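The block underneath contains the structure these notes are about, expressed in structure tokens.
The values are calculated or read from the model by the stated rules, or taken from the named source; none is laboratory data. Treat the numbers as computed from the prediction; the structure is a model and nothing was measured. Don't worry about glycine lacking a Cβ; one is built from the backbone with ideal geometry, like all the others, and counts go over all protein chains shown.
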Amino acid sequence: MFCVFVLFCLCCWRVIGELDAETTEIQSVSVMEGDSVTLHTSVTKIREDDDILWKFGAENSLIAKISIENQIFSTSNGTDERFRDRLKLDNQTGSLTITNITTEHAGVYQLEINGAKLTTKTFSVSVYARLPVPVISSNSSNCSSSSSSSSSNCSLVCSTVNVSHVTLSWYKGNSLLSSISVSDLSISLSLPLEVEYQDKNTYSCVLNNPISNQTQHLDITHLCHTCADSVQSCGSTEAVIRLVLSALVGVATLILLVYDIRSRRAEQNQAHIHPLGQ
């Protein structure tokens, strides 16, 4: 009977403990690298008998603590180099702010409020690097043989380097044409596209992650040239060269003419002076 009574008391204590403890679901927080993020406790004002603990990572390392009764307001500025001079505590609510956040601060943060009852709260913080602007380049080695041919295409490629947790996409107007994604690894991405040389539609390449994006618009006339365009460009260049050469020849001719006139006049003057001398 004594053993049954002890087991009954233990069960009651466990049930009471579970009722006294309030656990909330994990909250996902996304932030850009270099920005600040605040993890809120949802407490309006800390009570005198409340102890607030902030823990980080799978090892549950203590990074911040508040105890009103013992007048403790501390952060792990000296014990964890990752958080040195980056943590700020709100003395009224116990909320934790991480400043100038980097990818090494991504992970799980655990909040414990010990008071009349135990309240826990979990935050999953994701930190994303700032995105570069994607680059669009021509992948065509030769120009189109005919500027009027509707079947001739221009090969393009949109690329970016050193990215992770992103999606690279081609859009025609607002319609998605193709996309490629990368998750954990920091790698280079490239996505091809073929368009007609005379295409008048608007194309854009977009690099995005869950909280930001970068867009590069396609200028077809700048990247896609037909052979006719090349010939016309060469013809225009040749015409300019010929014009410059003609101008140089004209100037040289004028200089020779002036020199010839002056030489003839000098000879005539000398011929006129000799008879007088005789």
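The table below gives the values:
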{"read-out": "Boolean, Ser140 is modelled with pLDDT under 95, of a type in the set (Gly, Ala, Ser), touching a helix residue (DSSP H, G or I) at 6+ places or on another chain (Cβ under 7 Å) and within 20 Å of Gln198 (Cβ to Cβ)", "value": "no"}
{"read-out": "Flag if Ile52 is surrounded by 18 or more Cβ atoms within 10 Å (Cβ to Cβ) and not polar (S, T, N, Q)", "value": "yes"}
{"read-out": "Criterion violated by Asp85 - all others in (1) on the phi < 0 side of the Ramachandran plot; (2) part of a loop (DSSP other than H, G, I, E, B) satisfied", "value": "(1)"}
{"read-out": "First in region 245-267 and assigned to a helix (DSSP H, G or I) and of a type in the set (S, T, N, Q), second anywhere and modelled with pLDDT under 75 and surrounded by 10 or more Cβ atoms within 10 Å (Cβ to Cβ), Cβ under 8 Å, 6 or more apart", "value": "none"}
{"read-out": "Selection from region 89-106 of residues that are outside any loop (DSSP other than H, G, I, E, B), under 30 Å from the mean Cα position of the chain (by Cα) and surrounded by 15 or more Cβ atoms within 10 Å (Cβ to Cβ)", "value": "Leu96, Thr97, Ile98, His105"}
{"read-out": "Sole exception among (1) at pLDDT below 95; (2) not in a loop (DSSP other than H, G, I, E, B) for Arg130, by number", "value": "(2)"}
{"read-out": "Scan of region 43-81 for residues that are over 28 Å from Ala106 (Cβ atoms), of a type in the set (Val, Ile, Thr) and at pLDDT 85 or above, ordered by number", "value": "Thr44"}
{"read-out": "Those residues of region 159-186 which are outside any loop (DSSP other than H, G, I, E, B) and charged (D, E, K, R), in sequence order", "value": "Lys172"}
{"read-out": "Residues satisfying the stated conditions in region 158-198, i.e. within 15 Å of Pro134 (Cα to Cα), surrounded by fewer than 16 Cβ atoms within 10 Å (Cβ to Cβ) and in contact (Cβ under 8 Å) with a residue 40 or more places away in the chain", "value": "Pro192"}
